[in-house]
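Each remark here refers to the structure printed beneath this line.
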Amino acid sequence: MTEIQPAAESAVRLALKKGFDEAEAFATKITRRDIIFRGTVEATRSSTLAGLSVRGILGRRIGFFSISSLKHSDLEKAVDESLRIAKANSEDPEWKSFPRKYGSASVQKIMDKKIEYATVKDLVDEVRLAINTVHDVGSADITRGFLLTNVMSNAIANSNGCKLERKEALAVLSLAVRAGTADKKGVSNEISVTRQWKELKTKQLAQSVAERAVKMQDAAQIPNGRLNTVWRNDAFASIVDAMLTRTITADAVQRNRSPWAGKIGQHVASEDVTIVDEGKMVAGNGTRQFDDDGTPQTRTPVIEKGVLRGFLYDNYTASKESRLSTGNAHRDVGTFGSQPNYMKTPTPYPNNLVVQPGDATAEEVIKETKNGLYVVETIGEWLSNAISGELSATLSSGFLIENGELTRAVKGVIITQNFFDILKGKMDLRAKDLHSAGGVYAPTTQINDMTVAGE
Amino acid sequence: MDDLLKYPIDRARDLGAQYADARFQDLRQTLIIAENGSLRTYESDHSTGIGIRVLAGGAWGLASSTLLEKSHLRQMASEAVRMAKAAKELSTPVRLAKVKPVESTVKMSVRSDPEDIPPDVKVKLLLEANKAGRSGAGIKNSTSRLGFLHDIRVFVSSEGTKVRTDVTTSGFSQLSVAGANGSMERVPEQRSQCAGYEFIENADWNTFAAEVSQLASKVVAAPMPPPGTYPAILDPELIGLFLHEALGHASEGDLVATKESVLEGRLGTSIASQIVTVYDDGGIAGGYLVPFDDEGVRKGKTTVVEKGRLQGFLLSRDTATELGLEATGNARAQNYEHKPIVRMTNVYMQPGDLSFEELVKDIDYGFYIRGRGSLGGQVDVGGGTFTFRAGPSYLIEKGELKHMVRAVNFAGKVLETLKTIDAVGKDFSISTSVFGGCGKDGQMAKVGDGGPHVRLGKITIGGRAD
């Protein structure tokens, strides 16, 4: 297969030759292996894909076209199509140029050789461990699971001389477990997404999901009311993902779809709340040497001690305000179903948005809460309204907290609260156990006084 | 193309595979977005690729690539066989339900191919509609999108099946954000059809965008409902979404076979009230066209529920064998790269004979829950819990529609809720989307859904207790 860096450079040369004033090419190569399993293995898969997009500027008119090939004749087609679109496009008065300041940051642990060179046998061994561990918990069975390794290389070249290449690896283990019979059934899900093979922690994950499925057999609803809650770290990260990641970007602010516009310097949260985008976090799932514009990734405070400090920028939104990009250009936003990143134009998005943890353990937070609801899994939290702040999530797995202890299993209730109010004072204790969901890392967190719609 | 695909199949058979199939896909997608009066992006993509699937030693092995050269296809076939054999010891032997080999080509007729329409024509139409969406009190943001998808799939199997499908989809969407008194609300809405550019040309998108914005202006000032359990009427858009999430997923054969689904063991039993009849149909007008699935099996009309009784599941060839049933043509893959898994096509409820007024008049206190402006829904298939975010909805008091309410979230348990359906309307509509789709196991599939207006005896609504 043709290498991505020379292909990107050659696409830029071709674009300039064919009449573009400025040009950029973004190329991707992905090698993926996965095993899909339930109680037994269903399928084993290996795939490779390569593609490239060309973004060209004619005057201030932008053209963009992508193609699943790196062959010279296809690059030519991508350039021609991109030119055809640019000619039809209206001028973008805000366009300045492709990045002139580009480069790589020094980052650690995003390219694990163990993931890159994992053999099918390594994957099979890990799957066997998951299946056996769940099986040992008695009545539990895996109903759906997959183990995936993904190695991705990207190259960017632009007419300002940018020539960059990066490589990253990711492993994902997902388990859905069922316990009991049709009449009395408990289910539970866990997912581990990591840059380090050894952090998959297959046995631990399988044990935890199976044990919870057994407990969920007795899950029931609870009456309507207002309750103090404790959100497990990944469940809370999902909430923050739904409520913040799309509105703290410069794009959302500039286009009037952010509730945070005009609030820089204001107290938007209680003083103990700090949320920072850590673009260089060691082994962070969103850590890369440079973003999808070619700008080095960095650290950007969003909320510091309760004060709104800044937004996340890519090259385009930064040049609109004549400032520097924060290295948050992403081409992988809103591409559920693993649509490769080269197919999209960049937009700002968090790299690793970290909610600053506290110093307690999760157990201590639960104990301190005394009476309330412990939220482990929710569905539909992504249906919340990040603009009005109305947060709503349906509990699919949780437990009552009584006298500081987890007691009976609960599911099926709708939990609501305004997220802006949560930030301003209802988010009390936080544990030290950071965990990721989507682009967010968050600790186990206590949220007081939430509305619960149940029986 | 058939010859090229035969090549890896023969190779896999030579290496000992009991069965092999190859899928080629040629996919063209265009997404044009205008926001607040100017063009934001015009993204266009052309992707091609081949995926090989083999059954060797009783297990599935898959390999796929964007590189379409003959020598590479040979390697892919070997890789697929190697992958299948690697996990053999952990596999339960796969057995495929028998289907008759078929040779067929289905090309949807398109009057005006979106690709033949010059980019500037599309841009002009979009910008005008976007401008129309900026009208209305307190509109902060107007985002309009045009989407086009042209999906050609070729399927060839070692059993002699050769199927080619060619489907074009076009659509328009509007997202309006309104603000008033320090509060903001967003309303998304879209219309799509399996059709060419004629679908875009023949509709008035300026009015469509303006109406979405008016709705956003109105809903931002609307109160939230009090949380609790109430009777409710769902409109066709929402009943479609409800059936898709609450019933459709639970009827997927893979989830039934693993005993994850709440419908496991209930075939032939009553799972809904007697006035409920639900189908999954690959050819229904207004839905997404699925003449064949990605195993080359013809997708017709499957009865899932008939008069309240669970009548059938949605099945692939392997899940059909596991459950002792026949394949229903529901094995679908996002693209050539993915394994076909059990998916819905277009799920809908058969209409009844009541008018909308008749549905409303018996409700003393409840809600008319609407799909327009809905953000979607999700189901926890195993636990049987579903949840939705409805669009701007209405309070019903003493048999009459009252004021608008916002941010309506509702949830329930699949089996309990299906039994509370106590009246079915006589209207009917079905819709699909070029922009979104249904997500399962990391794959996206185009689907459609719909039905008539339907009344639920009780449903849990999450609001805010002030």
Revision key, fill the gap. Expected sort for A:Thr295, B:Thr168, B:Thr303, B:Thr277 with the fewest Cβ neighbours (10 Å cutoff) up front is B:Thr303, B:Thr277, B:Thr168, A:Thr295
Practice item. For chain A, find the longest principal axis of its Cα atoms and tell me its angle to the long axis of helix A:202-215, 0 to 90°, nearest 10. Key: 50 degrees
Exercise for review: Using only Cα atoms, figure out Rg for chain B and give it as a multiple of 2.2 N^0.38 Å.
Suggested key: 1.04
Exercise for review: Give the angle, between 0 and 90 degrees and rounded to the nearest 10, that separates the Cα long axis of helix B:205-219 from the longest principal axis of the Cα atoms of chain B.
Suggested key: 60 degrees
Review point. Given DSSP loops and a limit of at most 16 other Cβ atoms within 10 Å, what is the longest stretch of chain A that contains no such chymotrypsin sites (Phe, Trp or Tyr not before Pro)?
Key: A:118-335
Check your understanding: If you stretched the chain out fully between A:Lys370 and A:Glu271, how much longer would it get, using 0.36 nm times the residue separation minus the C-alpha to C-alpha distance?
Key -> 33.2 nm
Review point. Shielding of A:183-193 by partners, i.e. mean partner chain Cβ atoms within 10 Å per residue?
Key: 2
**Study point:** FRET efficiency estimate (nearest 0.05) - Cβ-Cβ, B:Ser183 to A:His72, R0 51 angstrom
**Key:** 0.40
Revision key, fill the gap. Taking a ≥ b ≥ c as the square roots of the Cα gyration tensor eigenvalues, with a/c under 1.5 meaning rounded and otherwise prolate when a/b beats b/c or oblate if not, the protein assembly as shown comes out rounded
Study note, to complete from the structure: Computed over chain A, the Cα gyration tensor eigenvalues, each multiplied by 5 and square-rooted, give semi-axes in Å (largest first) of 41, 28, 17
Study note, to complete from the structure: Gyration tensor on Cα atoms of segment A:268-317, a ≥ b ≥ c root eigenvalues, a/c under 1.5 rounded, else prolate if a/b beats b/c, else oblate, says oblate
Check your understanding: Within segment B:1-107, which trypsin sites (Lys or Arg not before Pro) sit in a loop by DSSP and count at most 14 neighbouring Cβ atoms inside 10 Å?
Key -> B:Arg95, B:Lys98
Check your understanding: Pulled fully out, how much extra length does the chain show between A:Glu3 and A:Arg100, if you take 0.36 nm times their separation in residues and subtract their Cα-Cα distance?
Key -> 32.5 nm
Practice item. Find the centroid of the Cα atoms in segment B:393-466 and in segment A:104-162, then give the distance between the two in whole Å. Key: 38 Å
Review point. By how many degrees, 0 to 90 and rounded to 10, does the Cα axis of helix A:120-136 deviate from the longest principal axis of chain A?
Key: 20 degrees
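Each value in this text was obtained by applying a stated rule to the coordinates, not by laboratory testing. All values derive from a computational prediction rather than experimental measurement. Cβ atoms come from the backbone with ideal geometry, glycine included; neighbour counts cover every protein chain shown.
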